[in-house]
Amino acid sequence: MFKKIHVVVAVSALLLTACGQSNTSSVESAAPTVAASFPVTIENNGTSVVIPEQPDAIISLSPTATEILFAIDAGDQVIAVDDQSNYPAEAPISDLSGFTPNLESIVALSPDLVVVSFDVDGIVAALTAAEIPVLVQYAAATLDDTYLQIAELGTATGQSAKAEELTSQMKSDIDAAIAQVPAEAAGLTYFHELDNTLYTVTSATFIGSVYALAGLTNIADTAADAASGYPQLSPEFIVDADPAIVFLADTKCCGQTAETLAQRPGFEGLSAIANNSVVELDDDVASRWGPRTVDFVKAIVDGVLTVTAK
């Protein structure tokens with residue numbers, strides 16, 4: 001039962017945050033090279049969010065925001081995170097939900113900043129009415145969106161310098177990883193599995209854009225319902241497409257491995273299986289758009305190198 005719920009939650013999150021929403025923000029604050037000063041005003045998705053003092057009671061209802069906050073050394077300012085924020089280990093996980101947020105439970109903790117990944121059940125308006133600053137950081141569509149969110153959280157927490165360092169390091173690490181991809185890898189086809197009901201992503205999504213960095217071709221882009229960004233493929237479609245590499249992003253939720261993939265009817269003949277080109281990903285790393293995107297890129301590159309080395 002837990003696995004089924006986890007899959008529904010994960011896929012629902014991707015679909016909810018992909019419905020035409022975008023991240024826009026700008027900040028009015030001291031320059032990153034100057035000591036943090038407050039108040040700061042952040043233009044967040046068309047709304048001016050004023051943070052009067054450096055927050056020290058932050059609630060994150062977004063697993064990605066949680067990872068960013070700890071990566072920019074704002075972890076000590078976080079008092080609670082949602083029930084899906086399982087990284088890093090020291091994050092103060094709670095029973096708060098980002099999918100069904102409870103206003104009373106949030107307010108009871110007296111936060112001075114709340115971060116969410118989407119606005120549901122009017123939670124943003126409710127928190128604003130309670131005079132609690134709230135930032136909405138929708139799912140990133142590109143790496144630039146990720147860098148924007150890191151900068152935004154850096155400003156909001158008084159950790160701009162650390163945020164700038166993180167972004168610089170991520171860019172450097174990603175560039176170094178992509179530089180390893182050989183020219184002959186261009187156009188290699190792949191299938192990214194979100195769950196074992198064969199939901200996947202197209203190149204129009206954040207996940208798809210990361211694969212595009214390595215020059216890979218997504219078999220899902222030609223699916224009948226590719227416009228959704230998250231089509232559900234049929235086994236026959238995958239077998240016919242015969243991707244050179246299969247990336248399993250359902251190893252934790254659904255216990256999928258190269259072995260279980262090979263046991264599916266018709267899949268035993270896939271080139272990816274015959275060539276040992278099935279990459280078992282960490283579900284969370286592959287679905288979040290924060291600092292560990294670097295790890296995701298490295299896993300993709302490792303998969304590509306496995307194929308091209310044969």
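What the table shows:
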| quantity | calculated |
| --- | --- |
| Residue under evaluation residue 157, criteria (1) touching a Leu at 6+ places or on another chain (Cβ under 6 Å); (2) under 17 Å from residue 41 (Cβ atoms); (3) not basic (Lys, Arg), criterion not met | (1) |
| Residues within segment 280-310 that are assigned to a loop (DSSP other than H, G, I, E, B) and closer than 16 Å to residue 205 by Cβ, tallied | 4 |
| Residue match in segment 182-192 (condition: within 20 Å of residue 113 (Cβ to Cβ), in contact (Cβ under 8 Å) with a residue 60 or more places away in the chain and either assigned to a loop (DSSP other than H, G, I, E, B) or in the same structural domain as residue 247 (by TED's automatic domain parsing) (or both)) | no |
| When residues of segment 274-293 are limited to those that are surrounded by fewer than 18 Cβ atoms within 10 Å (Cβ to Cβ) and of a type outside the set (D, E, K, R), the one farthest from residue 147 (Cα to Cα) | 274 |
| Of all residues making up segment 242-273, the number that are acidic (Asp, Glu), surrounded by fewer than 22 Cβ atoms within 10 Å (Cβ to Cβ), outside any helix (DSSP H, G or I) and on the phi < 0 side of the Ramachandran plot | 0 |
| Subset of segment 173-200 [under 14 Å from residue 214 (Cβ atoms) and of a type in the set (A, V, I, L, M)] | 174, 176, 177, 178, 179, 181, 183, 185, 186, 188 |
| Out of 204, 177, sole residue that is aliphatic (A, V, I, L, M), more than 25 Å from residue 75 (Cβ to Cβ), modelled with pLDDT of 95 or more and under 18 Å from the mean Cα position of the chain (by Cα) | 204 |
| Pair list, Cβ under 7 Å, 6 or more apart: segment 204-228 residue in the same structural domain as residue 139 (by TED's automatic domain parsing) and of a type outside the set (Val, Ile, Thr), other residue crowded, with 20+ Cβ neighbours inside 10 Å and modelled with pLDDT of 95 or more | none |
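The values are calculated or read from the model by the stated rules, or taken from the named source; none is laboratory data. No experiment lies behind these values; they were computed from the predicted model shown. For neighbour counting, all protein chains shown are included, and Cβ atoms are generated from backbone atoms with ideal geometry for every residue, glycine included.
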